[in-house]
Amino acid sequence: MKIFAIETSCDETGIALVETTSQKSEVSIKVLSDSLLSQAMLHAEYGGVYPTLAKREHAKNLVPLTLEVLKKAKMLTQAETPEVPREIIGEIKEQLEREPELFVQMAMLLAQTKKPDIDTIAVTRGPGLEPALWVGVNFAKALSLAWGIPVVPINHMEGHVAAALATGSEGEYEIAPPKLPALALLISGGHTELVLINDWLKYEKIGSTRDDAVGEAFDKSARLLGLPYPGGPEISKLARAARDESLEQPYSLPRPMIDTDNLDFSFSGLKTAVRNMVQEIGDPTDEQKKQVARELEDAIAEVLVAKTKRAIDEYGIQTLIVSGGVSANTHIRSELEKVVQEYEDTKLFFPTPKLATDNGLMIAFAAAMNNSRDLSVQLDELTASGNLSLSSR
Ligand code: KG4
Ligand code: ZN
C-alpha cells in the first residue's frame, strides 16, 4: 500500500511517500521519498511560532513539496490532457476557498500531471496550531477529490510514537507492537505528556504539564539568554560545552513538582526563575550562559527522569517510548537510558534525531502502524482539531 502523508501542525511543512507491506501486526515501510521545509528561521524574529505566518507558509509550500516528493519517487508523469473533470476542480476550488493561492498551484499541478499510483492520504488532524492544521487538512481533502482516494486523519502525537517505534534505517523501517504495558514520554514544543499504552494502539494520558511544555521552557529560557529560536538545540549546545569544560555550577534552578505524588509537570516556573537569574547576573558572559544552560538542562532532565520512573513503577512498564522534538536532546536521552538500565526487562525506543522533530514521515508511519484498521473518514466529517488528545485520536 502506498501512503502519501502530510504534516502541517506547527512550523514544519512535511510531505512523505511510503510503501508498506504488513504481516500480521508487523509492518514494513519503505520510504519512497520525503521532504521537509522548516519555517523556524522565519519565526525566529517573533521568538516563537507565529500562527498566521505558519498557515501562509504551509499554503505556499505544500504543492512545491508534493511535486518534489512525487518527482523523487519517480511518480510524476506529465498528462497530455487534464485528467481531473471540471466539476471536481470546482469542488476543489470550494474546498480551498480560504487558500486561493494553494488552489491556483494545485489546479496547475492537476492540469499537468497524471494521478500517481497512491492508495491513501494520511494527514495530521491535530493537536497543533489550528490555522496551520486546517491548511494540511484542506489540502488532503482536495487531493482526495482529485485522486479519488481516501483520507486517513492522524493524531500528531501518535506520529511521534510511531517515529520512535520505527526501527531500521536507509529508508527501510519496521514497526512491531512493543511489549505492553508501554509508556510514551512525549516531549515537544507544544506537549509534555506521559501516555500509557495498555492495549496496542489505545492510549491513556496519565500525566501532563499544567502550564508550559518542556520545549517551551527551553525556547523561552533561550530567548532570555539572547539565543535564537528554536532554543532547545542552542541550550543543549551550551550545556554540553559547560560539561566538557568542567565549568563550576554556581547557579541553581528549581526542579518543579519533582516530588509531588502524581505524574504531572509544571515548567512555567523554570522560565521565571531563569528570567530572575538573568536579571540578577545583568549581562551574562558566554561562560555564564553556558552555566545557566547546563543548570536548566539538568533541572529539566531530572524532572523528566523522576516522573518517568514513577510511572514505570506504578504501571509495571515493559517498554518506554520517548519522542517529540525535545527527545533529540542528547543529555535527556542518556539520562533516560540510565533509567531503563535499572529495569531489566524494560526496553527503550527513541526516534533517530532527524525523526524526533516534526516531519512528514512520522505521519506516514502512524498511518502504517494502524494498517489493521480502517481509519478513513468521509471528507465532510474531517476537521482539524488544535486540542485533539491522543486517546480520542
Ligand atoms: O516535536 P517538535 O518538532 O514540534 C512540536 O510538535 O512542538 O518539537 C519542537 C521543540 C522545540 O521546543 C525545540 O526547542 C525542541 O523541540 N528541541 C530541543 C532539541 N531539539 C529540538 N530541545 C532540547 N534539546 C534539543 N536538542
Ligand atoms: Zn511535534
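The values are calculated or read from the model by the stated rules, or taken from the named source; none is laboratory data. Given the structure is predicted, the values throughout are model-derived calculations rather than measurements. Methodologically, a virtual Cβ is constructed for each residue, glycine included, from the backbone with ideal geometry; neighbour enumeration extends over all protein chains shown. In case anyone asks, the SASA skips ligands and DNA or RNA and just uses the protein heavy atoms, side chains included. Shrake-Rupley method; radii C 1.70, N 1.55, O 1.52, S 1.80 Å.
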Any residue in the stretch 232-260 that's assigned by TED's automatic domain parsing to the domain that holds residue 219: show its pairings with residues that are away from ligand 2 (no atom under 16 Å from the Cβ) and part of a loop (DSSP other than H, G, I, E, B) at Cβ separation under 6 Å, as long as the two are six or more apart or on different chains. 234/227; 256/266; 257/266
Taking interchain pairs and intrachain pairs at least six residues apart, which have beta carbon atoms under 6 angstrom, with the first residue in the stretch 156-179 and polar (S, T, N, Q) and the second surrounded by fewer than 24 Cβ atoms within 10 Å (Cβ to Cβ)? 167/174
Only residues that are more than 16 Å from ligand 2 (Cβ to nearest atom), within 20 Å of the chain's Cα centre (by Cα) and buried (at least 20 other Cβ atoms within 10 Å of the Cβ): list them for the stretch 208-231, please. 220
Against the condition surrounded by fewer than 24 Cβ atoms within 10 Å (Cβ to Cβ), more than 13 Å from ligand 2 (Cβ to nearest atom), farther than 22 Å from residue 5 by Cβ and not hydrophobic (A, V, I, L, M, F, W, C), how does residue 234 come out, does it pass? yes
Being more than 19 Å from residue 73 (Cα to Cα), surrounded by fewer than 22 Cβ atoms within 10 Å (Cβ to Cβ) and among the hydrophobic types (A, V, I, L, M, F, W, C) is the filter here; which residues of the stretch 104-133 pass it? 104, 107, 108, 111
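With the condition being open to solvent by less than 50 Å² (accessible area, probe 1.4 Å) and either in contact with a Cys (Cβ under 7 Å, 6 or more places away or on another chain) or of a type in the set (A, V, I, L, M) (or both), I'd like the helices (runs of 4 or more DSSP H) fully within the stretch 308-393 carrying at least 3 qualifying residues. I'd like the intermediate steps shown before the answer.
Values: elements: 330-341, 353-356, 361-369.
Passing ranges, in order: 330-341, 361-369.
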Taking the stated definitions as given, is residue 205 under 21 Å from residue 386 (Cα atoms), open to solvent by 60 Å² or more (accessible area, probe 1.4 Å) and either within 10 Å of ligand 1 (Cβ to nearest atom) or part of a strand (DSSP E or B) (or both)? yes
State which residue is farthest from ligand 2 (Cβ to nearest atom) when the search covers only the stretch 134-143 and only residues that are in contact with a Leu (Cβ under 9 Å, 6 or more places away or on another chain) and either of a type in the set (Lys, Arg) or open to solvent by 10 Å² or more (accessible area, probe 1.4 Å) (or both). 141
